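I have placed the structure first, in the form of structure tokens, so that the comments after it can refer back to it.
The values are calculated or read from the model by the stated rules, or taken from the named source; none is laboratory data. Fair warning: this is a prediction, and the values are worked out from it, not measured in the lab. FYI the Cβ positions are ideal-geometry reconstructions off the backbone, even for glycines, and counts take in every protein chain you see. Protein only, heavy atoms only, side chains kept; ligands, DNA and RNA dropped before computing areas. Shrake-Rupley method; radii C 1.70, N 1.55, O 1.52, S 1.80 Å.
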Amino acid sequence: MWTLGGRQKIAYVCGEHQRRLLAHRKGEVDLMLVRGNWYLAVVCDIDDPGLIETTDVLGVDFGIVNIATDSDGRPYTGAAIEAGRTKLSRRRGGLQKRDTKAAKRRLRKLSGKQRRFQTHSNHCISKALVLEAKRSGRAISLEDLKGIRSRVKARASQRGRLHNWSFGQLRTFVAYKARLAGVPILFVDPRDTSRTCPACGCVDKRNRPNQSTFSCVSCGHAGMADHVAALNIRSKARAAVAPPAVLGA
Ligand SMILES: [Zn+2]
């Protein structure tokens, strides 16, 4: 590194993943000071790998009850995430009532903490989704949305739960990790994905008596709302990619 005192050799540490990426370094490296730690910011230019062979689609719903649920019924959330969220929002609530300089400073610190916590969680969730799709030879399908906030009409009591989760960031993470892994991504029209019965095709608002459950008014098929939505997202993607005869029933 060139410094005022001439060229200096300075050791750095990085993880295995970052070390592999370094082979694709492009251009100059920036030195950054973030919260008292020095970081090197590196731009890497990586060619897209060829797309993997897929025989099916993994539908993914971003939701209220779980941050993400796939069409196998697997939730992507976890007690750690929920506990962290609740603790942070409680502490924040207590601080917001106080109008002192110290409270304001603590709030700023907390908001940084919550942002980093969300980013970390979104990295974990998107990584798990992409790994599962790749492992099982499936494309990923997501709703074609800008964000979830406009769609979610939660009751006031539930609104605090996930409405401030950064789903936009999660989508971005899923998209770029899928691209790096060669997993195709399919976007589907979000209309009626939460109120369509995957068993009989009945579309009715009443199929969704509350946020977490699905119960078909026509055929009685019932399930977790998030899982049902993910199944519908999968069906839509399959229908768009190939006629049912090609993919199997
Ligand atoms: Zn039905």
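Within the range 206-224, work out how many residues are open to solvent by 50 Å² or more (accessible area, probe 1.4 Å) and closer than 19 Å to LEU145 by Cβ. Total meeting the criteria: 1. Residues of the range 26-35 include at least one that is more than 30 Å from SER141 (Cα to Cα), assigned to a loop (DSSP other than H, G, I, E, B), of a type outside the set (Phe, Trp, Tyr) and not assigned by TED's automatic domain parsing to the domain that holds ARG171. Filtered by the rule that a residue be assigned to a loop (DSSP other than H, G, I, E, B) and open to solvent by 100 Å² or more (accessible area, probe 1.4 Å), the range 12-25 gives TYR12, VAL13.
Residue check: ASN232 meets all listed conditions (1) modelled with pLDDT of 90 or more; (2) surrounded by fewer than 16 Cβ atoms within 10 Å (Cβ to Cβ) but one, namely (2).
Somewhere in the range 183-191, is a residue within 16 Å of the ligand (Cβ to nearest atom), out of contact with any His (no Cβ under 7 Å at 6 or more places or on another chain) and without any contact (Cβ under 8 Å) to a residue 12 or more places away in the chain? There is no residue in the range 183-191 that is within 16 Å of the ligand (Cβ to nearest atom), out of contact with any His (no Cβ under 7 Å at 6 or more places or on another chain) and without any contact (Cβ under 8 Å) to a residue 12 or more places away in the chain. The sole residue among HIS227, HIS221 that is at negative phi and within 9 Å of the ligand (Cβ to nearest atom) is HIS221.
Within the range 174-194, the set of residues being open to solvent by less than 40 Å² (accessible area, probe 1.4 Å) and either in contact with a Gly (Cβ under 8 Å, 6 or more places away or on another chain) or not in a helix (DSSP H, G or I) (or both) comprises GLY182, VAL183, PRO184, VAL188, PRO190, THR193, SER194. For the range 198-213, filtered to residues that are in a loop (DSSP other than H, G, I, E, B) and within 10 Å of ALA225 (Cα to Cα), the residue that is nearest to the ligand (Cβ to nearest atom) is ARG208.
The condition of being out of contact with any Leu (no Cβ under 9 Å at 6 or more places or on another chain) and either at pLDDT 95 or above or within 21 Å of ILE185 (Cα to Cα) (or both) holds for only one of ALA139, ALA128, that being ALA128.
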